[in-house]
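Novice: Pasting in a structure now, in structure tokens, and then I'll have a few things to ask.
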Amino acid sequence: MEIDNVLLTAYEIEIIQNILNEKDTVDRIYINFCNPWQKPRHNKKRLTHPKQLEKYKVFLKPGGEIYFKTDDENLFNASIKYFEQEGFKIIAKTDNLHENPIWENNIETEHEKMFEEQGITTKALIANLS
Ligand SMILES: C[S@@+](CC[C@H](N)C(=O)[O-])C[C@H]1O[C@@H](n2cnc3c(N)ncnc32)[C@H](O)[C@@H]1O
């Protein structure tokens, strides 16, 4: 499918509701190598935290998807629970996106390249909102 309506914007995620709402009917969100925020008191800042997923659900349309990838195993495992807790279905996941791709035409990000060069695999999943 040819994509002709991508929105790229730099905006503080915690106030994303100021620029996107239910009228936007977004098909897909990509979350690439967000900060892991390991300390429990910082978990809420994770871009996959339930607090954030609640916000994405407002503008993600039924059947919409989140494509998520990270180098961080703890964040990845916690995020699987966050997505399920928020009613998303994990339709595909991998501990090594480069060896076992779950989507076509992966675009390697700056951090992905850096971690892969260090031998740290890319963990990835597709979460679907029915
Ligand atoms: C580790 S970098 C990854 C950059 C790029 N996605 C990549 O894969 O190379 C994390 C990115 O998340 C963005 N970020 C972190 N917290 C954010 C927030 N609260 N709202 C919006 N962006 C945020 C940062 O600006 C930064 O670009």
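Novice: What helices (runs of 4 or more DSSP H) completely inside region 23-130 contain at least 2 residues that are at pLDDT 95 or above and touching a helix residue (DSSP H, G or I) at 6+ places or on another chain (Cβ under 8 Å)?
Specialist: Numbers: elements: 50-59, 73-85, 110-117.
Ranges flagged: 50-59, 73-85.
Novice: A further question on this structure: Could you list, in sequence order, all residues of region 29-41 that are within 11 Å of the ligand (Cβ to nearest atom) and under 17 Å from residue 73 (Cβ atoms)?
Specialist: Within region 29-41, the subset within 11 Å of the ligand (Cβ to nearest atom) is 30-37.
Those that are within 11 Å of the ligand (Cβ to nearest atom) and under 17 Å from residue 73 (Cβ atoms): 31, 32, 33, 34, 35, 36, 37.
Novice: In region 2-28, how many residues are more than 20 Å from residue 69 (Cβ to Cβ) and more than 15 Å from the ligand (Cβ to nearest atom)?
Specialist: Matching residues across region 2-28 total 8.
Novice: Suppose we keep only residues that are within 12 Å of the ligand (Cβ to nearest atom), surrounded by 15 or more Cβ atoms within 10 Å (Cβ to Cβ) and among the acidic types (Asp, Glu) within region 70-125. Which one would you say is nearest to residue 45 (Cα to Cα)?
Specialist: 72
The values are calculated or read from the model by the stated rules, or taken from the named source; none is laboratory data. This one's a predicted model, so the numbers in the text were calculated from it and none came from an experiment. Counting neighbours? That spans all protein chains shown, and the Cβs are built from the backbone with ideal geometry, glycine included.
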